[in-house]
Every structure is written in C-alpha cells, then in structure tokens.
1. Rank these residues by their accessible area, most exposed first, probe 1.4 Å: TRP62, TRP23, TRP10.
2. I'd like the accessible area for VAL90: 1.4 Å probe, protein heavy atoms, all chains in place, Å² to the nearest 10.
3. Using DSSP H assignments, which helices in the chain have an axial alpha-carbon span of 15 Å or above and a mean Kyte-Doolittle hydropathy of 0.0 or higher?
4. I want the local charge near GLY127. Using Cβ-Cβ distances under 10 Å, sum +1 for each Lys or Arg and -1 for each Asp or Glu among the other residues.
5. I want to check the label-to-label distance for ARG64 and ARG17. Put each point 7 Å from Cα in the C-beta direction and report it in nm to one decimal.
6. I'd like the FRET efficiency for GLU83 and ALA48, computed as 1/(1 + (r/R0)^6) with the beta carbon distance as r and R0 of 22 Å, rounded to 0.05.
7. Where the accessible area of the chain is counted over protein heavy atoms with a 1.4 Å probe, how much of it, in %, is carbon and sulfur?
8. With every protein chain left in place, what is the accessible area per residue of the chain in square angstrom, probe 1.4 Å?
Amino acid sequence: MTTTEREIRWVTEDMRRIFPAAWDRFADAVPAHLRGARLVDAYATLLADPDPAVREHAAREWCRWEDTHVSLAPGHRPSRRYEDPAFRLVFARLVTHYWRHAAFLPDGALLRGATRLAGIPGTLIHGRYDVSGPPDIAWDLHRRWPGSELQIIDDAGHGGAGAFTDAVVDALDRAVRRR
C-alpha cells in the first residue's frame, strides 16, 4: 500500500462491496457520536480513548476487519497474532495513525517519488488474492521504480504462505548474492 486516499478509502469503506456483513459489523462498532467521520478517524479516536475497555473493543473490531479483508485465497485462516490483546492494540493504533494522516505525505507522493529509487534493486512480491491491497498498487509502484522486479504469486493473499514465502526467500538470496 502506498497510503493514497483512494487506497485507504478502499480498505476502510469501499470493501463493503465485497464483505458487506463484516463491514457492517466494523462500521457498527463505531459509537453514534463518531458516526459520519471517516472510519479510520473514528477508530483512531477510539483507540486513544482513556477507557481501556473502549480501546480494547476498537482494537478487536479493527483487527477482525483486518483479518476479513486481507485475502480471498481459498482456505485463508485468521491470523493468530490478533489473539494477543497487546499486539491488537499496537497494530490498530499504528495503522490508523498512519492511515488517517496518509503517511504524513501528500497524496500520491510515494508513487511520484519512486523514480528516485532508480539503481536501487528491489523485488515487489504480491499475492494475487490480496484484495485489501490489489495488485495494481504493486504494479504501479513497479512501473515507476526503474529496475524493480515484480512477482505476482497467483495462489497467495496478503503476506501469504507457501509460494509467497519461497519468493521472499529467493528474492533475499538474490539480493545477498548481488552484494
């Protein structure tokens, strides 16, 4: 994800089109006084609430949504990392903090600045079933990063296992050999 407004809106709002019941749960977890705000802003507010119960509920709901939308791959299973309350809170706070501020960059700045990476080798590995960060995001970055390599793993989602892991290890091995 390059944190464009479009990408953030896609994950937090537009993916309702794919997961309507899960999205309704995600949106309905926001209390009435925060409805009408962007969901990323509402959740960031809840995750900073002085009441630990409010923070925990928001973290649990954010991570439940996160687990819903990361993959369309058959057999996708929820991540066990979200079972840890401390991880849930830190993860949800980090994501909402950066997303609500678009990574503190002007919209599209990461893509526009990618040409500066010319001469720096890099491999982008992306799962075809990653619906939260569709492959066009990696494709657009690859096209703007001269000398980059893009691998789309057909049977993986967001951070998938199997062939995805093999591709990461292979890319790291090639990077080490180049040095």
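The values are calculated or read from the model by the stated rules, or taken from the named source; none is laboratory data. In this text, all values refer to a predicted model and were calculated from it rather than measured experimentally. Neighbour counts run over all protein chains shown; Cβ positions are idealised from the backbone, glycine included. Only protein heavy atoms, including side chains, enter the accessible area calculation; ligands, DNA and RNA are left aside. Shrake-Rupley method; radii C 1.70, N 1.55, O 1.52, S 1.80 Å.
1. TRP10, TRP23, TRP62
2. 80 Å²
3. Numbers: long enough: 52-69 (26 Å, -1.44); 85-100 (22 Å, 0.25); 163-178 (22 Å, 0.11).
What comes out of the filter, once short or polar helices are dropped, is 85-100, 163-178.
4. -2
5. 2.5 nm
6. Once rounded, the FRET efficiency stands at 0.45.
7. Numbers: 5740 of 10280 Å².
Using a 1.4 Å probe with all protein chains present, the chain comes out at 56 percent carbon and sulfur.
8. 57 Å²
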